[in-house]
Amino acid sequence: MSATPPTTDPARFWEARYRDSERVWSGDPNPLLVREVTALTPGTALELGCGEGADAVWLAGRGWHVTGVDISATALERAAAHAADAGVTERTDWQRHELGVTFPEGTYDLVSAQFLQSPVALDQGRVLAPAARAVAPGGTLLLVLHGGWPSWQGEHDHPFDAVFPTLDGVLEQLALPDTWQVETREAVERPAPSPEGAPGTRVDLVWRLRRTA
Ligand SMILES: C[S@@+](CC[C@H](N)C(=O)[O-])C[C@H]1O[C@@H](n2cnc3c(N)ncnc32)[C@H](O)[C@@H]1O
């Protein structure tokens with residue numbers, strides 16, 4: 001059975017989600033971000049839906065100058081505190097945006113979005129296009145999205161109704177000109193135990209796209 005989120009307003013939904021617990025995410029960078037970015041030369045980076053800042057702080061620790069964006073002020077406060085603890089405050093900037101409505105200014109050597117997915121209003125089409133436009137020539141767009149529910153979640157036992165992306169569907173939505181190269185386009189299955197510790201797996205989708213000109 002799938003439940004309806006308590007509110008359909010994305011800002012209220014995510015603010016409540018963060019306020020409801022002291023910490024929502026692990027604080028560790030996402031493995032696919034680490035895998036895809038480690039070989040890149042640090043420059044400027046934009047992290048969309050940065051949450052509590054683990055990925056942005058990891059990037060800053062490697063020399064990137066990072067702008068982290070989220071809809072939740074509480075998440076951004078925690079991200080700034082994480083950056084201070086890690087000693088990278090001077091390489092981070094935090095901006096509150098409701099992506100799909102407003103978008104940060106400027107262009108960046110890396111634009112990254114890790115699991116920018118939401119049970120309440122988030123129109124990927126209205127985020128992907130400005131995300132690609134924000135990549136500087138020679139820069140990289142890195143997208144990682146869940147490709148489906150974890151294996152342990154029964155077919156009708158989902159916390160909310162979701163339409164998951166596909167590898168080709170996102171590329172079709174982006175409709176990038178041939179000044180872009182697809183460097184990674186992959187479905188990755190990883191271990192994903194249930195909250196009770198039962199073994200399981202989940203498929204994540206990753207695209208690393210380089211703007212050549
Ligand atoms: C599934 S979480 C992923 C967080 C983080 N990137 C990670 O991988 O741990 C989605 C994040 O996107 C943010 N978000 C959802 N809708 C948003 C929107 N319209 N604009 C900006 N951020 C949004 C949420 O507040 C949340 O932090």
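Need pairs with beta-carbon distance below 9 Å; first residue farther than 28 Å from Phe13 by Cα and within the stretch 104-119, second near the ligand (Cβ under 6 Å from one of its atoms) and in a loop (DSSP other than H, G, I, E, B); sequence gap 6+ or separate chains.
none
If the requirement is being out of contact with any Gly (no Cβ under 7 Å at 6 or more places or on another chain), at pLDDT 95 or above and part of a helix (DSSP H, G or I), which of these qualifies: Ala136, Ala132?
Ala132
Residues that are modelled with pLDDT under 95 and either near the ligand (Cβ under 9 Å from one of its atoms) or surrounded by 24 or more Cβ atoms within 10 Å (Cβ to Cβ) (or both): which strands (runs of 3 or more DSSP E) entirely in the stretch 42-101 hold 1 or more of them?
So the answer is none; nothing clears 1.
Got a number for residues in the stretch 111-165 being within 12 Å of the ligand (Cβ to nearest atom), of a type in the set (A, V, I, L, M, F, W, C) and surrounded by 15 or more Cβ atoms within 10 Å (Cβ to Cβ)?
Residues flagged as within 12 Å of the ligand (Cβ to nearest atom), of a type in the set (A, V, I, L, M, F, W, C) and surrounded by 15 or more Cβ atoms within 10 Å (Cβ to Cβ) within the stretch 111-165 amount to 11.
Please determine, by comparing only the residues of the stretch 189-208 that are in contact with a Lys or Arg (Cβ under 9 Å, 6 or more places away or on another chain) and among the hydrophobic types (A, V, I, L, M, F, W, C), which one is nearest to Val135 (Cα to Cα).
Trp207
Could you identify the single residue in Val144, Val127 that is of a type in the set (Val, Ile, Thr), touching a Gly at 6+ places or on another chain (Cβ under 6 Å) and touching a residue at least 40 places away in the same chain (Cβ under 8 Å)?
Being of a type in the set (Val, Ile, Thr), touching a Gly at 6+ places or on another chain (Cβ under 6 Å) and touching a residue at least 40 places away in the same chain (Cβ under 8 Å) holds for just one of Val144, Val127, which is Val127.
What number of residues within the stretch 154-192 satisfy the criterion of being out of contact with any strand residue (DSSP E or B) (no Cβ under 9 Å at 6 or more places or on another chain) and in a loop (DSSP other than H, G, I, E, B)?
Selection size over the stretch 154-192: 12.
Please go through the stretch 14-32 and pick out each residue that is among the hydroxyl-bearing types (Ser, Thr, Tyr) and either more than 17 Å from Leu48 (Cβ to Cβ) or more than 8 Å from the ligand (Cβ to nearest atom) (or both).
Ser21, Ser26
Which ones in the stretch 48-60 are of a type in the set (D, E, K, R) and more than 15 Å from Arg208 (Cβ to Cβ)?
Here is the first cut: in the stretch 48-60, the residues of a type in the set (D, E, K, R) are 52, 55.
Of everything in the stretch 48-60, just one residue is of a type in the set (D, E, K, R) and more than 15 Å from Arg208 (Cβ to Cβ), namely Glu52.
Give the residue, chosen from Ser118, Ser151, Ser112, that is closer than 30 Å to Pro199 by Cα, in a strand (DSSP E or B) and of a type outside the set (A, V, I, L, M, F, W, C).
On the way: Ser118 fails: in a strand (DSSP E or B); Ser151 fails: in a strand (DSSP E or B).
After applying the criteria, what remains is Ser112.
The values are calculated or read from the model by the stated rules, or taken from the named source; none is laboratory data. Note that the coordinates shown come from a computational prediction; the quantities given were computed from them, not determined experimentally. Here the Cβ is made from the backbone with ideal geometry for all residues, glycine too, and neighbour counts use every protein chain on show.
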